[in-house]
Amino acid sequence: MRALFVSSWLPEAQAATGFEIANRAIARGLEACGVELVPVGFRRPGAEAPRGPHLDLGPLAIENSGASRARKAAWVVRALRLGLTVSSAKLRVVDDATLRRRLDAVGQVDAVILSSVQMPIAYPLLTGIAPTVLIAHNVEHLSARENAVHARSPVSRLLYAREARLLERGEAWLCREAAVVHTLAQDDARRLGLEGDPRAVTLSLATGRERGAGTNPGEPRVDVAMIGTWSWAPNRVGMDWFLQEVVPRLPPDVTIEIAGVFDGPPPAAPPQVRFRGRVPDAADFVRSSRVVAIATRGGTGVQLKTIETLEEGMPAVATPAALRGIGAVLPANVRVADDAASFAGALAALVAAVRAGEVRRLDGGAFAQRQNQGLLAGLSAGLSRLRPEASAAGAWDGRERRRRGVAA
């Protein structure tokens with residue numbers, strides 16, 4: 001089987017975000033299942049194009065972090081003018097005729113893998129090339145609705161509410177069109193209206209990284225580590241809760257480092273907190289701590305930071321929301337806490353236990369292997385459903401292209 005793998009960005013040698021790490025793991029899993037992938041997407045300015053066949057749509061800067069207020073305002077104006085979500089309006093920089101020509105040049109494909117909803121909402125013609133597989137990393141409209149609740153200004157609240165309405169409509173359309181819908185958490189299929197639908201297949205997720213040794217590499221540099229893309233609003237909600245509600249309840253000698261990029265300057269924080277910005281290697285950063293804090297307060301999908309932490313065997317304190325998509329059996333060095341007081345108490349106790357040598361880093365290899373096996377099983381199940389449709393690709397191709405107005 002030959003398939004397009006469509007995402008906002010083409011793969012890079014070093015995956016920089018949780019979304020890119022998930023894309024890499026899923027792409028490798030598909031290739032392990034025998035699928036020849038042709039990545040399609042834009043390229044970060046200055047990034048090298050991937051090796052092998054691919055369709056490079058050109059350099060494009062779409063990250064909120066580092067974007068000026070004027071640039072962000074221009075994105076909003078474009079979204080309003082085009083009737084698109086802001087996230088898809090950022091991507092709508094190629095006209096349909098050009099994209100059709102470039103896709104035709106790729107040659108015949110049996111399927112189109114749509115990694116998240118932003119690209120197909122920006123370019124609906126992507127669903128008319130071959131049978132589609134939608135990878136729903138999150139239930140995007142629910143995340144946008146949560147963002148509206150937590151927005152800091154009336155304008156932001158209105159914009160997020162608009163995003164939620166458009167995303168709900170777009171997700172419903174894509175779920176109707178898709179031959180297979182992969183979610184990363186079981187509940188997300190229900191939230192997308194696919195409960196009991198045979199087209200919905202949940203994937204386990206693994207990072208695919210090589211694991212380090214089963215013990216900490218030298219003396220930890222810091223007591224508590226947090227990492228995330230803080231320019232993404234659902235992550236920022238959890239970090240703000242951690243700084244405002246949890247940290248004041250911790251002993252003052254508990255040191256904390258927070259890695260990741262912000263949309264603007266980092267927030268004010270107590271002296272025991274240090275912001276590291278983007279770090280070259282997330283796993284190295286996590287390993288340099290005694291305990292990892294995963295303070296997720298909402299959202300959907302799976303938290304890559306949770307999977308990375310468990311694959312590394314790190315002691316951790318996590319909220320129930322941070323453990324979506326993870327099996328019921330947790331490692332012995334992981335604590336679960338929801339409210340601020342219990343989270344702070346668990347974190348302080350676990351730091352003390354690690355300092356005293358009573359709790360250690362474990363071997364996360366078994367967890368990583370189980371996740372990877374689940375990923376391959378889910379992808380294989382999706383492909384088995386897709387193949388009957390792909391085998392009739394010629395007839396599908398002609399009928400669907402005519403029906404949807406896609407150039408032959």
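The values are calculated or read from the model by the stated rules, or taken from the named source; none is laboratory data. Note that this is a predicted model, so its numbers are computed, not measured. Methodologically, a virtual Cβ is constructed for each residue, glycine included, from the backbone with ideal geometry; neighbour enumeration extends over all protein chains shown.
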Name, by its number, the condition in (1) at pLDDT 95 or above; (2) out of contact with any Gly (no Cβ under 9 Å at 6 or more places or on another chain); (3) closer than 17 Å to Leu4 by Cβ; (4) in a loop (DSSP other than H, G, I, E, B) that does not hold for Thr98.
(4)
What are the residues in the range 112-133 that are in contact with a Leu (Cβ under 6 Å, 6 or more places away or on another chain) and part of a strand (DSSP E or B), if any?
Val112, Leu114, Thr132
Quick test of your reading of the structure: Ala148 fulfils all but one of (1) more than 19 Å from the chain's Cα centre (by Cα); (2) in a helix (DSSP H, G or I); (3) crowded, with 23+ Cβ neighbours inside 10 Å. Name the failing condition by number.
(3)
Residue, farthest from Phe242 (Cα to Cα), within the range 260-287, restricted to residues that are small (Gly, Ala, Ser) and crowded, with 18+ Cβ neighbours inside 10 Å
Ala283
Looking at Val117, Val112, can you tell me which residue is in contact with a Gly (Cβ under 8 Å, 6 or more places away or on another chain), under 19 Å from Leu174 (Cα atoms) and either surrounded by 17 or more Cβ atoms within 10 Å (Cβ to Cβ) or of a type in the set (A, V, I, L, M) (or both)?
Val117
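Any residue at all in the range 396-404 that's touching a Ser or Thr at 6+ places or on another chain (Cβ under 8 Å), at pLDDT below 90, under 21 Å from Leu134 (Cα atoms) and surrounded by 13 or more Cβ atoms within 10 Å (Cβ to Cβ)?
So far as the range 396-404 goes, yes, one or more of its residues are touching a Ser or Thr at 6+ places or on another chain (Cβ under 8 Å), at pLDDT below 90, under 21 Å from Leu134 (Cα atoms) and surrounded by 13 or more Cβ atoms within 10 Å (Cβ to Cβ).
Give Ala352, Ala366, Ala348 a once-over and let me know the one that is among the small types (Gly, Ala, Ser) and either under 28 Å from the mean Cα position of the chain (by Cα) or over 24 Å from Val247 (Cα atoms) (or both).
Working: Ala352 fails: either under 28 Å from the mean Cα position of the chain (by Cα) or over 24 Å from Val247 (Cα atoms) (or both); Ala348 fails: either under 28 Å from the mean Cα position of the chain (by Cα) or over 24 Å from Val247 (Cα atoms) (or both).
Answer to the check: Ala366.
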Taking the conditions exactly as written (in a helix (DSSP H, G or I) and either among the hydrophobic types (A, V, I, L, M, F, W, C) or not assigned by TED's automatic domain parsing to the domain that holds Thr17 (or both)), does Ala332 satisfy them or not?
no
Does at least one position in the range 42-53 carry a residue that is assigned by TED's automatic domain parsing to the domain that holds Leu126, modelled with pLDDT of 90 or more and either among the small types (Gly, Ala, Ser) or at positive phi (or both)?
no
Selected residue [more than 24 Å from Thr255 (Cβ to Cβ) and either crowded, with 20+ Cβ neighbours inside 10 Å or among the aliphatic types (A, V, I, L, M) (or both)] from Gly301, Gly313
Gly301
Pair list, Cβ < 7 Å and 6+ apart or interchain, from the range 260-280 residues that are outside any strand (DSSP E or B) to residues that are aromatic (Phe, Trp, Tyr)
Gly260/Trp230; Val261/Trp230; Phe262/Trp230; Pro266/Phe275; Val279/Phe285
Out of the residues in the range 94-108 that are touching a residue at least 40 places away in the same chain (Cβ under 8 Å) and within 26 Å of the chain's Cα centre (by Cα), state the one that is surrounded by the fewest Cβ atoms within 10 Å (Cβ to Cβ).
Leu99
Out of Val155, Val133, I need the residue that is crowded, with 24+ Cβ neighbours inside 10 Å and in the same structural domain as Trp75 (by TED's automatic domain parsing). Which one?
Val133
